[in-house]
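Down below is the structure, laid out as structure tokens.
The values are calculated or read from the model by the stated rules, or taken from the named source; none is laboratory data. None of the values given here were measured: they were computed from a predicted structure. Neighbour counts run over all protein chains shown; Cβ positions are idealised from the backbone, glycine included. These accessible areas exclude ligands, DNA and RNA; they are computed on the full protein's heavy atoms, side chains included. Shrake-Rupley method; radii C 1.70, N 1.55, O 1.52, S 1.80 Å.
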Amino acid sequence: MSIIETTKLGLVGKGLDRLDGPFKVMGKARYSAEFPAKKITYAVGVGADIANGKIRSINTAGAEAAPGVIAVITHKNRPPLVDGKTFAGGGAQGELRMPLADNVINHAGQYIAVVVAESLECATYAAHLIKAVYIEEDPVVVFDDKRAQRYPAKQWFGEAVTKNRGEAQTALLASAVSVDNKYRTPTQSHNPMETHATMAVWEGDKLTVYDATQGLYNTRKALALSFSVPESNVRVVCKYIGGAFGCKGAMWPHVLLTTLAARAVNRPVKLVLTRAQMFTNVGHRAETEQRVALGATADGAIQAIIHHGTSHTAVDGEFVEVFTKATPMMYASPNLSVSQDLVKLNKQMPTFMRAPGETPGMFALESAMDELSSAVKIDPVDLRLINYAKRDPDSGHPFSSKSLIQCYKLGAEKIGWNKRSATPGSRKEGDWLLGLGMASATYPTVHFNSMCNGLLKADGTFLFTSSTHEMGTGTCTVMSQIGAGRLGVPVELVTFELGDTDLPMAPISGGSATVGSAVDGAAVEIQNALSKQLSESPLSPFSGVPQEKIVVSGGKFTVVGKSETLSYVDALKLLKLPSLEVKYQTHFNDKAKSFSMHSFGAHFVEVKVDQDLGTVRVTRVVSVMANGRIANEKTCRSQVHGGVIMGIGMALEEATLFDSRSGRVVNRSLGEYYVSVNADIPPIEVHFIAETDKEINSIGAKGIGEIGITGVAAAVANAVYNATGKRIRHLPITADKLFV
Amino acid sequence: MTVNGETKSVSIDPRTSLLDALREYMGLTGSKKGCDHGQCGACTVLVDGRRINSCLTFAVMYQGQKVTTIEGLANGDQLHAVQQAFVKHDGFQCGYCTPGQICSAVAMLAEAKAGCASAVTADLAAANVTLTDEEIRERMSGNLCRCGAYPGIVEAIRSLAEA
Ligand code: FES
Ligand code: FES
């Protein structure tokens, strides 16, 4: 297998089974709705029926009188809350508006009440008895609505959105060959299998919240602020997350509502979102409309790249789906222009969804590359090689590592790219038209600071702790492997604990960032602390030897010229220490200022399209990823599978549909918002190109959670074009678009 | 009702679904709620060996019946063969759909053994079903996995079908 062949440097970690696997398969892993509490009560959120307007009156009498109901809270009787900050504004909230703040309705499904009752059944029933009368205005939910407010997106997390190199428009017009088209991606919903769940427990002014979140510390800070209690009084726990993909990154209003309700009824309150609420109350990926124009010489050298477009935001806040983010970096071109507009719609605030920006952006850019390849009559892989960027054309910095050429080559070989016919619609098998397509994948490596404690116990086992998250990424497994790898001990001796703000600070688990460097750093601290004491203590055989002469290798401390070798436990015993504890904090990697840090990859996809029905089936996928060091081959492969599968769903099925008259989401269920099922998914071959990257971080690893989805939709669309000669620029690629 | 071999008696609201009865009243949180509408399979449990969506049915309908949940498959710490295969082949990521997938797989293997056909079975009258990958995918498509662990799930079940 290619993975093993390229691992002589130990760059691909063992495909170790997940250490928490047995808990998960036995049903013992506790997700956020599953912690017991005495005298628990159940809350249900009630959503607005309209998308724009005001509540004229709200009748809660029926609900209050229903059996088992303890409290009904609306904007009329909501206890005070201190205003919080949005995620983009340095806080945690997904949206700026505080829940039940007033009678204004900005989107359908916005909470208008919360019911607390003795049982879930009572609360659910009573929620239906709440009757609101509205002053309704026509909602604005489509881009080309004349009333929609449109304005340029300026900045996103401190980065300018608009970028220019040379004279793109002039160069485009002067190009021998050019393509200039519009691409559209719909609103998409994350739909992790676990819906959001929160349980709040107050004891005096001490608060414990069990919450499905990718950002424990952020949530704690936000709760402390809004409820006016010190952060040290708030504990947030999340041991396992049942999938997130970005929607559990920010804190959504139900967390505040649950906590507020618990304080109001003076009992623990549990609130679990319904599946329908997952479409209207926890963000979504914004819809986009993108123009991509490429101009090239007759031999395929790109002279101009233009990427402009629009995404939506909420009427009362700003979220930018930065689909132009990767464009300036991706291909060498002397002239470039990227910019984005925002349009305010009566939808909830959009949020981060798996590879935010790159996912819709790479669909457009990589589709356009395929269109250029047809126009200039150069094979799609060759075209990408001709325009390969050796340095980052945007920043001018060298890449810390980039193995994209190897990805293209291995992918082409594995899928059998030479079987592809350049003429669309020329391969057939019975009623099925066959096609091959490819696209590049990319995602930046993100750094956030984090902390980790390390503990060496008297029995020779190690415990690392950091309040990061397990959302399917295999965090505790991979972190144990990283710790064990640095210490030079078997992974069985290492435990990693996460998911609790009582543990050292970890950042939000987003942007494929992890706490691997912190674990690695804590392991080094353990070694340093022991070396230091071995060098200084009279009890040590290495007493008086300068610390730097004490070498740790294979889990043993040695000194050249001395016969003694000491294991970690030997060292503890000799030094008469009961145990050893260290703390470590990562620091911003200065090299990020002089190197461009990205993962790259390539997807190759084979499809068949029924020529009469327009049904599209993906029949094979080969994905080759260059992600630095692969800490665990098994979990990393699964992460890429997951990205590719979500990408296939995006290409062929997924769209959150809004009724243009009412502004309500039409398909608020898993029966009507289609995600890929098992039968939709063909064999997916994943290969890793092992990379040594000394700049990126101490462990040489790049994130892998997001890159897998980038480019997949384009690869599918390009394969559909190759099969049928039809270019679908508006996702999803459904039968009606293919054969009407 | 008998759950995982133990007699359980709870007094609950007649509107309580079997899933909520297990999760909220019996402390058996292994069965998951993904949609509460019979659209995702996360709540799959076995009733007399057959797979059902426990969110779509009332608990009171199972008085006196035998229900097996994910917690009842292992023998102490000894994992059931399907559970072992899921761990070995990484048939999950977040683990939330997993109890449903595993219960579903246990029943599905039995259905295939009994000769039940699926939508992709070529010969409906055949006494034996060969669990090809296509058959496995079809028969497991009532269990959604948003993490996209399908390749591992198919591998895990294939390893048992071949055994
Ligand atoms: S929770 Fe029962 S099928 Fe989804
Ligand atoms: S493992 Fe996460 S939904 Fe299947």
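Odds and ends about this structure:
- Shielded residues, the range B:126-143 - accessible-area loss of 40 Å² or more between chain alone and all protein chains, probe 1.4 Å: B:Arg137, B:Ser141
- The protein assembly as shown - mean residue ellipticity at 222 nm from DSSP helices (-39,500 (n - 2.57) per run, n ≥ 4, rounded to 500): -7500 deg cm²/dmol
- Buried on assembly, the range A:643-663 (at least 40 Å² less accessible surface than by itself, 1.4 Å probe): A:Ile645
- Of B:Lys66, B:Lys88, B:Lys33, the residue with the greatest mean-square motion in the GNM of chain B, using alpha carbon springs below 10 Å, is B:Lys88.
- If R0 is 41 Å, the Cβ-Cβ spacing of A:Ala458 and B:Lys66 corresponds to a FRET efficiency of close to 0.30.
- Peptide-level mean, for B:85-92, of C-beta atoms on other protein chains within 10 Å: 5
- Virtual spin-label span in nm between A:Asn667 and A:Asn164, 7 Å along Cα→Cβ: 4.0 nm
- Choice from B:Asp90, B:Asp77, B:Asp48 showing the highest fluctuation, given a GNM over chain B with Cα pairs closer than 10 Å: B:Asp77
- Fully extending the segment from A:Ser395 to A:Glu548 would add 51.2 nm, taking 0.36 nm per residue of separation and subtracting the current Cα-Cα distance.
- Volume of the convex hull of the protein assembly as shown (Cα atoms only), normalised per residue: 173 Å³.
- Contact order for chain B, expressed relative to its length and based on alpha carbon pairs under 8 Å spaced 6+ residues apart, stands at 24 percent.
- Residue-count net charge about A:Glu497 - beta-carbon cut-off 12 Å; Lys, Arg +1, Asp, Glu -1: -3
- The range B:81-162, relative contact order [Cα under 8 Å, separation at least 6], %: 47 percent
- Taking the accessible area of chain A, probe 1.4 Å, and keeping the other protein chains in place, the carbon and sulfur fraction comes to 53%.
- Residue of B:Gln101, B:Gln83, B:Gln65 that the Gaussian network model of chain B assigns the largest fluctuation, springs spanning Cα pairs under 10 Å: B:Gln65
- Neighbours of A:Val282, meaning other residues whose beta-carbon lies under 13 angstrom from its beta-carbon, give a summed charge of +2 when Lys and Arg score +1 and Asp and Glu score -1.
- Residue pairs, from the table A:Lys85/A:Lys347; A:Lys347/B:Lys33; A:Lys154/A:Lys737, whose Cα atoms sit over 29 Å apart: A:Lys154/A:Lys737
- Solvent-accessible area buried by A and B, counting both chains, probe 1.4 angstrom, square angstrom: 4200 Å²
- Shape of the range B:120-163 from the C-alpha gyration tensor: oblate (a/c of 1.5 or more and a/b not above b/c, with a ≥ b ≥ c the square roots of its eigenvalues).
- Only Cα pairs under 8 Å and 6+ residues apart enter the sum, and on that basis the relative contact order of the range A:497-635 stands at 16 percent.
- Listed residues A:Ser623, A:Asn589, A:Pro578: farthest to the positive end of the dipole of the range A:560-623 (Cβ charges): A:Pro578
- Translational diffusion of the range A:178-307, µm² s⁻¹ [Kirkwood Rh, Cα pairs; Stokes-Einstein; 20 °C; 1.002 mPa s]: 124 µm²/s
- Förster radius 41 Å - calculated FRET efficiency between A:Gln585 and A:Lys556, Cβ distance, rounded to 0.05: 0.90
- Accessible area (Å², 1.4 Å probe, nearest 10) - A:Phe319: 10 Å²
- Counts of other chain beta carbons within 10 angstrom of each beta carbon in peptide B:101-108 average 1.
- Accessible solvent surface per residue of chain A, calculated while the other protein chains remain in place, 1.4 angstrom probe, Å²: 36 Å²
- Legend: mean number of C-beta atoms from other chains within 10 angstrom of residue C-beta atoms, peptide B:75-82, equals 1.
- When all alpha carbon pairs of the range B:2-72 are counted in 5 Å bins from zero, the resulting P(r) reads 4, 19, 33, 30, 13, 2 %.
- Full-stretch length increase - A:Val82, A:Lys428 - with 0.36 nm per residue and alpha-carbon distance subtracted: 118.2 nm
- Cα centroid of the range A:100-153 to Cα centroid of the range B:123-137, whole Å: 48 Å
- Among B:Gly64, B:Cys35, B:Leu19 the positive-end extreme of the charge dipole of the range B:2-72 (Cβ point charges): B:Cys35
- Cross-link pairs B:Lys8/B:Lys66; A:Lys239/A:Lys457; A:Lys457/A:Lys583 - those with Cα-Cα distance over 20 Å: A:Lys239/A:Lys457
- Residues in the range B:1-112 average 38 Å² of solvent-accessible surface per residue, probe 1.4 Å, ligands and nucleic acids excluded.
- Dipole magnitude of the range B:2-72 about its Cα centre (Cβ charges: Lys, Arg +1; Asp, Glu -1), debye to nearest 20: 160 debye
- Sulfur and carbon atoms: percent of accessible area, the range B:81-162 [1.4 Å]: 52 percent
- Whole-angstrom gap from the range A:704-740 to the range A:155-220, using each part's C-alpha centre: 22 Å
- Environment charge of A:Ser567, counting only residues whose C-beta is closer than 14 Å and scoring Lys/Arg +1, Asp/Glu -1: 0
- In this structure, A:Lys593 and A:Thr619 have a Cβ-Cβ separation that, at R0 = 41 Å, corresponds to a calculated FRET efficiency of about 0.35.
- For the range B:16-93 versus the range A:467-517, the gap between their alpha-carbon centres in whole angstrom: 29 Å
- Basic side chains Lys and Arg get +1 at the Cβ, acidic Asp and Glu get -1 at the Cβ, and with that the dipole of the protein assembly as shown about its Cα centre reaches some 780 debye.
- Scoring A:335-346, A:672-683 by mean Cβ neighbours within 10 Å over their residues and listing the highest first yields A:335-346, A:672-683.
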